[in-house]
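A short write-up of the structure that comes next.
Every number in this text was worked out from the coordinates using simple rules, so none of it is lab data. The shown structure was predicted, so the numbers you read here are calculated from the model rather than taken from an experiment. Glycine also receives a Cβ, built like all others from the backbone with ideal geometry; neighbour counts cover every protein chain displayed.
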Amino acid sequence: MTLPAKQKRELESKLQAYVGKPIGPPQVGRDPVNVPMIRQWCDAMGDGHPAYTDPVAAERSVHRGLVAPPTMLQAWILPGFEMSVETEAPRDEQQALHKLLSDHGYTSVVATNCEQGYARYLRPGDELSAETVVESISEEKATALGIGYFIDTLTTFRDQNGDEVGWMKFRVLKFIPQQPAQTASSADAAPAKPQRIRPLLGHDNAWWWEIVNQGQLPIQKCNGCGALLHPPRPMCGHCQSTDLSHVIASGKGEVYSFVVMHHPQFPGYEYPLVAALVELEEGTRLVSNLVGCAPEDVHIGLPVRVCVERVDDELMLPVFRPAS
Amino acid sequence: MSSPLKDAAAIVGIGATPFTKNSGVSELQLASECVAAAIADAGLAPTDVDGLVTFSLDTNDEIEVARAVGIGDLTFFSRIPYGGGAAIGIVHQAAMAVATGSARAVVAYRALNGRSGQRYSQGVGGDIVTSDLIHWSWYMPSGLMTPTSWVAMFTQRYMHEYGAKSTDLAQVAVSTRKHAVNNPAAFFHGRPLTIEEHQASRFIVEPLRLYDCCQETDGGCAVVITTPERARDLEQPGALIRGVAQASAADQEQMTSFYRPSIATLPEMDLVARQVYAMSGLSPDDIDAAVIYDAFTSIVLWQLEAFGFCSVGEGKDFVQDGNLEVGGRLPTNTHGGQLSEAYIHGVNGIAEGVRLIRGTSTNQPAKNDHVLVTGGVGVPTSGMILGKLD
Ligand SMILES: [Zn+2]
């Protein structure tokens, strides 16, 4: 779940303190730009351009000598394996920023965007350093992965004379994962099975899915006038109350309408797939799947009962079965 | 009191790109081509246009279209949400703009790579959580996430309540296809359809079969709207907008209004019908032909009922005996509709409505004083009645 408003405001003011600041002193490349590293990169990338690896051809080219592939820019300043070793204390302000978010539940991170620009070709012997500044932090965004913050950094690369040779904009999303993280699988685990499309959770529907996850089917109830409402909404349309709670459905109902889906077929669903519009005995309707019943046996008026079932590894869904 | 919008605007130009399955060009190029074609058809210059309006879903910014086509200053621009429901909504906007003097001439357009680009048949989804995606989240986990599946849910209930059969839906498909056969611009030009072929086509989402579903098309369509006074000075006979309206009804959802007391009617289209009849002073008996939004066959039946051509539940009877064909009671979708000409989100239907009034349809009925044109179904929608300009 997301943070209470007060805690969120405190977090966001702490986040904004990072904006515009360097994450630490400039990083210095461990080695000057050099031919063996260039050759290894070209081998790995399958880039056979002679200006990178053939001194004779490079001498005859417009470069008048060997140059490094521009996209190697970041490679020259990476700290090596040290960067992946977990440490208790953050090594720089970027790690401190990520830890601040992790401590508030925004535990996952994903890189979403990277742009680079180049001022000149690098040549063997160039010595690089790079300074990274936190350029901006977004408002909290709800994304398909989960609720989180986009962090943009700008890294400026300079040579031994202090002249800018390139830049890199990098964007990550630091977020609360929608689903519990996958547990580490054993070596012989089968490839992940495709799963159904998850509901996207926001302020107006997350509570409903949480109750479903506990095995029950809720119906939103207005405390102002007693009306039952589905799908849930932030205000009762009958009395304009925002004092809303819920009741647990008896689970009894009947098929009001239904369809049998054949095309297109989405990964994670089994076809033919029966979706039913079920009218609950409480009077509200909801769309779900009908299981335990051949498609040809489904008819309007069929009495059904809810079963909150695990439909794949992670998703609990209220589905319906014939009542008999 | 009569509406100030009655007879206050006319459609004076229509334009379209070819309809294909793979345009090979940008949506902006399609938009620019159809807008330019509509302006030329009206006998106007791009600089005579000072308003642009399109669908919220359209990816082509008004200013990009204006720059590409050479339209100069704009004094009016607007967008209408809710998919194909916007089809006549864009004409409504344009009519209000010219009637109030906000613009002198407005082009309403829609262009999409609907087959080679984003295909609506492939369902909903996205990256940023909006109220719209919270809405779809009530349906996606159950797999109910395509237009065909939503319309099938209404169709099943409608068939149950009124005894309509798949062969009744086939009548709509077959009648419409007859028109496409004569229309060189139609995807199904020269290719007729029989009831048996419809019945043998595969289920997409039961009870809807392949031939109950519309095309997916790359293409664009545009129409030019101006005042009747200016329209009289132009090359083409103007199609006068006698009545035009938008509507969203109580408890409306986008494609999934499953929670109303009845789901076998279209309250939002009833509301469009009441408005356009009241504004125009016309009745169903005055309507000579119709362009009825046909993303699916079943929705044609419900609209025939909403506009009073038959009683509720009797759409299945009305579509028999060639009633929707030239020479029948209500020649409908004489271009082949979206089922058989092209799916340009209903805007190709506006162009056909104008051709019917001009007398230039490839399936022209003899009587053409008043033509009904409707917008998308299942969403907040729109409709209009066109007539002849004196
Ligand atoms: Zn209430």
**Request:** Would you work out the charge dipole size for chain A about its Cα centre, treating the Cβ of every Lys and Arg as +1 and the Cβ of every Asp and Glu as -1, and quote it to the nearest 20 debye?
**Result:** 460 debye
**Asked** Which distance in nm do the two modelled labels at residue A:294 and residue A:127 give, with both placed 7 Å along the Cα-to-Cβ direction?
**Response** 8.1 nm
**Message:** Taking the alpha-carbon distance from residue B:6 and a cut-off under 16 Å, which lysines remain once sequence neighbours fewer than 8 residues away in the same chain are dropped?
**Reply:** B:388
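By average Cβ neighbour count within 10 Å, what is the ranking of B:377-390, A:91-104, A:19-32 from highest down?
Details: B:377-390: 24.9, A:91-104: 16.3, A:19-32: 13.9.
Listed from highest to lowest mean packing, they are B:377-390, A:91-104, A:19-32.
List the residue ranges in chain A for DSSP H helices whose C-alpha atoms run 27 angstrom or more along the long axis and whose Kyte-Doolittle average is 1.0 or above. Numbers along the way, then the final one.
On the way: long enough: none.
Qualifying helices, which must be both long enough and hydrophobic enough, do not occur.
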**Fill in**
Highest GNM mean-square fluctuation among A:256, A:149, A:106, for chain A with Cα springs under 10 Å, belongs to A:256
**Asked** By per-residue mean of other Cβ atoms within 10 Å, what is the highest-first order of B:146-157, B:84-95?
**Response** B:84-95, B:146-157
**Asked** When Cβ neighbours within 10 Å are restricted to other protein chains, what is their mean count per residue of peptide B:366-375?
**Response** 0
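Does chain B come out rounded, prolate or oblate by the C-alpha gyration tensor, with a ≥ b ≥ c the root eigenvalues, rounded set by a/c under 1.5 and, if not, prolate when a/b is larger than b/c and oblate if not? If you can, show how the numbers build up before the last one.
Values: a/c = 1.44, a/b = 1.27, b/c = 1.14.
Because its axes are fairly even, with a/c under 1.5, chain B counts as rounded.
I'd like to compare A:127-137, B:174-184: which one has the highest average count of other Cβ atoms within 10 Å, and what's the full order after that?
Highest mean packing first, the order is B:174-184, A:127-137.
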**Request:** May I ask which residue of A:216, A:230, A:240 lies farthest towards the positive end of the charge dipole of segment A:150-308, with charges of +1 (Lys, Arg) and -1 (Asp, Glu) on Cβ and the Cα centre as origin?
**Result:** A:240
**Request:** Assuming R0 = 51 Å, can you tell me the calculated FRET efficiency for the pair residue A:245 and residue B:312, based on Cβ-Cβ distance, to the nearest 0.05?
**Result:** 0.85
**Message:** If you average the C-alpha positions of segment A:1-73 and of segment B:156-213 separately, how far apart do those two centres end up, in angstrom?
**Reply:** 59 Å
**Item:** 14 Å reach of a label modelled at residue A:47, 7 Å along Cα-to-Cβ, counting backbone N of segment A:114-144
**Value:** A:116-124
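So how strong a dipole does segment B:1-113 carry about its Cα centre when Lys and Arg Cβ are +1 and Asp and Glu Cβ are -1, to the nearest 20 debye? It would help to have the intermediate numbers written out before the result.
On the way: 6 positive and 11 negative charges, 53 e Å.
With Lys and Arg at +1 and Asp and Glu at -1, about 260 debye.
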**Message:** Go through the cysteines of the protein assembly as shown and tell me which have no other cysteine Cβ under 4.7 Å away.
**Reply:** A:42, A:114, A:293, A:307, B:34, B:213, B:214, B:221, B:310
**Prompt:** So how do B:298, B:201 line up by other beta-carbon neighbours within 10 Å, fewest first?
**Reply:** B:201, B:298
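For B:205-214, what's the mean count of beta carbons from other chains sitting within 10 Å of each residue's beta carbon?
Values: counts 9, 10, 3, 2, 1, 1, 0, 0, 1, 0.
Partner-chain Cβ atoms within 10 Å, mean over residues of B:205-214: 3.
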**Asked** Over all residues in B:99-112, what is the mean tally of Cβ atoms on other chains that come within 10 Å of each residue's Cβ?
**Response** 0
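Any idea what the relative contact order of segment B:137-275 is, in percent, if you count C-alpha pairs under 8 Å spaced at least 6 apart? Walk me through the numbers on the way to the answer.
Working: 107 pairs, mean separation 32.6, N = 139.
Worked out over segment B:137-275, it gives 23 percent.
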**Request:** For chain A, calculate the relative contact order in percent as a whole number, restricting contacts to Cα pairs under 8 Å that are 6 or more residues apart.
**Result:** 12 percent
**Fill in**
Applied in sequence order to segment A:304-312, the curve 6.51 cos²θ - 1.76 cosθ + 1.60 (Karplus, θ = phi - 60°) yields integer Hz couplings, x standing for Gly and Pro, of 9, 10, 7, 10, 7, 10, 7, 8, 8
**Prompt:** Can you flag which of A:99/A:141; A:141/A:193; A:14/A:174; B:178/B:367; A:252/B:165 are past 21 Å Cα-Cα?
**Reply:** A:141/A:193; A:252/B:165
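Kirkwood-based Rg over Rh for segment A:200-248 (C-alpha set), two decimals? Display every interim value, and only then the final one.
Details: Rg = 10.5 Å, Rh = 10.9 Å.
Result: Rg/Rh = 0.96.
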**Prompt:** Using helices alone, what [θ] at 222 nm do you get for chain A, with -39,500 (n - 2.57) per DSSP H run of 4 or more residues, divided over all residues and rounded to the nearest 500?
**Reply:** -4500 deg cm²/dmol
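What relative contact order, as a whole-number percentage, does chain B give when Cα pairs under 8 Å and 6 or more residues apart are counted? Write down the numbers at each step before the final one.
Working: 965 pairs, mean separation 99.5, N = 390.
Dividing the mean separation by the residue count of chain B yields 26 percent.
Kindly identify segment A:250-324 as rounded, prolate or oblate by the Cα gyration tensor criterion: order the square roots of the eigenvalues as a ≥ b ≥ c, call it rounded if a/c is under 1.5, otherwise compare a/b with b/c, prolate if a/b is larger, else oblate.
Since a/c reaches 1.5 but b/c is at least a/b, the shape of segment A:250-324 is classed as oblate.
Would you compute, from DSSP H runs of 4+ residues alone, the mean residue ellipticity of chain B at 222 nm, taking -39500 (n - 2.57) per run and dividing by the full residue count, rounded to the nearest 500?
Numbers: 12 runs with 122 residues, N = 390.
Helix contribution divided over all residues of chain B: -9000 deg cm²/dmol.
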**Asked** Along the positive direction of the dipole of chain A (beta-carbon charges: Lys, Arg +1; Asp, Glu -1; about the Cα centre), which of A:125, A:320, A:104 reaches farthest?
**Response** A:320
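Using a ≥ b ≥ c from the Cα gyration tensor of segment B:313-390 (square roots of the eigenvalues), is it rounded, prolate or oblate, where a/c under 1.5 gives rounded and otherwise the larger of a/b and b/c decides, a/b for prolate? Please list the in-between numbers first.
Numbers: a/c = 1.43, a/b = 1.05, b/c = 1.35.
Because its axes are fairly even, with a/c under 1.5, segment B:313-390 counts as rounded.
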